Amino acid sequence: MNSINARRIDIGIFGMLIAALMLYQLQHIFPKFASFHVREVLYLYLYFRVLLFYKIRLSPLLMMVLVFLLYSLLVGIHTWYVAGPVVAFAGFKRFVHLALMAPLAAVLLENDSDAKRMFYLWMGIVLVGVMTVVYQLVGGQMDWLVRGYIAIRGDLVRHKSLLGEPNVGGMAAGIAFFVSSTAVRSALVRLPLVLLFSFLVVVSLSKAAWIGCLLMGVAVIIVDMMNESEKGGRFPSNLLWLQFSALVVWFLLLANHPLIYRYMDVGFSSLVGSQADAPGAMQDFANRVLFPGLFPGSYGSGISAGTGNSVTDEFLKLFFGQSFARAGSAATDLKAPMAIIPHNMYLELYLVGGLLFLFSLFWIQWHTLKMLATYRIGLGRFLIPPFILISLYMMGYPNLYEPITGTFFWLAVGLACRSQKVHRG
């Protein structure tokens, strides 16, 4: 087998890995999916191939991703010491199971066409998630997926999708709305996609999704303006006009359906804070950002990184954190002492690993944006806005390891690790 064919096979297996990571709900539907350890086997195979058969360029960004992975291991070792192996393994696995994609993407996805296929795959899986919600709205039963999950807002059911709980589906749909609007050039494919993705944003009743989709709409206009300026064309493009007209007609039709109109009404009232059973978007954002525990000493002793002098303890907590047993869904699921879910990825990162862990993520985010903007990626124009949006979402959701939005995030980081500079002629 020649090297070109071997690379094609490896890229295909990498796509299988992305699908396995995103379709994590299957492990609840088909227990065998988890028992076969599909994701772990795919990771093992791909890392074996990459380490032995590929040339690896250690760009500064890729080195920082490796530092992030190593730091996660050190936090896991610390967690083992203070809370035992079960919590340590669960917390470590949760933090790295998506981040391990980034080095693979940096090595395997050498050209833009391969990278685009991965994002088309991502978008396709989100589309399948949309269809599971549509099926439930028209009366279909999906007990095998819902499994007793209930979420209500304004007396309306917030349907769980194959992507997970409603907020995740809504956020993913908003990102997919942007990607389909900028990366798909065929109107016959693009229009149905943007209509379906915008539909899921509405019925998710997710305030984050509503705001994110609006921001992505603005980003679509900016990207279209840049594209037309480079081509010497007239803004807005005919395709953007067609998309805008289709969306207006689509929402007018939806508003004529009593149930969907009710979803639109409850979604808007939740956004502005007039819905009785949900705070407005600004209040919700403030609650998540100003979560108690932002500063050492404000949340009690917790699980300390050391013993003895309290000043020394607080210093250690500040810079090195309090282990995976302190915060996050892994710790709360396993009922670790003093465990909390801050609903703020940056705060969670600080609590479990301290300022050094938090700094590594900030460094990765900033340099990913720089590389996407200045390196020969060819995809930066439709990757930068969703990457920024996911980073903003981290102030309210654990997007760093959430399988749907986290997959998009680490794929973008991996592509930014490529070290081919752009020609500025």
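Of note, F409 satisfies the criterion of being at pLDDT 90 or above, touching a Leu at 6+ places or on another chain (Cβ under 8 Å), surrounded by 22 or more Cβ atoms within 10 Å (Cβ to Cβ) and under 28 Å from F178 (Cα atoms).
Applying the set (1) modelled with pLDDT of 95 or more; (2) β-branched (V, I, T); (3) surrounded by fewer than 17 Cβ atoms within 10 Å (Cβ to Cβ) to I125 leaves exactly one unmet item: (3). Taking region 146-179 as the range and being over 23 Å from I260 (Cα atoms) and either under 21 Å from the mean Cα position of the chain (by Cα) or crowded, with 16+ Cβ neighbours inside 10 Å (or both) as the test, only V179 passes. Annotation: of all residues in region 319-338 being surrounded by 24 or more Cβ atoms within 10 Å (Cβ to Cβ) and in a helix (DSSP H, G or I), the one that is nearest to the chain's Cα centre (by Cα) is A330. Cβ-Cβ contacts under 9 Å between residues 6 or more apart (or on different chains), taken from a first residue in region 265-283 that is more than 22 Å from A255 (Cα to Cα) and modelled with pLDDT under 75 to a second residue that is hydrophobic (A, V, I, L, M, F, W, C) and not in a helix (DSSP H, G or I), are listed as D277/I152; A278/L205. Please go through region 186-239 and pick out each residue that is among the polar types (S, T, N, Q) and part of a helix (DSSP H, G or I). Listed by number, the residues that qualify are S198, S204, N227, S229, N238.
Contact map, region 339-362: residues that are without any contact (Cβ under 8 Å) to a residue 60 or more places away in the chain and in a helix (DSSP H, G or I) paired with residues that are of a type in the set (G, A, S) and crowded, with 23+ Cβ neighbours inside 10 Å, Cβ distance under 6 Å, separation 6+ or inter-chain. Pairs shown: E348/A327; E348/G328; L351/A327; G354/G321. Residues in region 363-396 that are in a helix (DSSP H, G or I), aromatic (F, W, Y) and in contact (Cβ under 8 Å) with a residue 40 or more places away in the chain: 3 in all. Among the numbered conditions (1) free of Cβ contacts under 8 Å to residues at least 60 places away in the same chain; (2) within 20 Å of the chain's Cα centre (by Cα); (3) closer than 26 Å to L21 by Cβ, the only one that A208 does not meet is (1).
Answer with yes or no whether G148 is at pLDDT 90 or above and out of contact with any Cys (no Cβ under 9 Å at 6 or more places or on another chain). Criteria not met by G148. I'm trying to understand the selection: among the residues of region 222-243, which are modelled with pLDDT of 90 or more and surrounded by fewer than 15 Cβ atoms within 10 Å (Cβ to Cβ)? Scanning region 222-243 gives I222, M225, N238, W241, L242.
The values are calculated or read from the model by the stated rules, or taken from the named source; none is laboratory data. Worth saying up front: this structure is predicted, and the values here are computed from it rather than measured. Cβ coordinates were reconstructed from backbone atoms using ideal geometry, including for glycine residues, and neighbour counts include every protein chain displayed.
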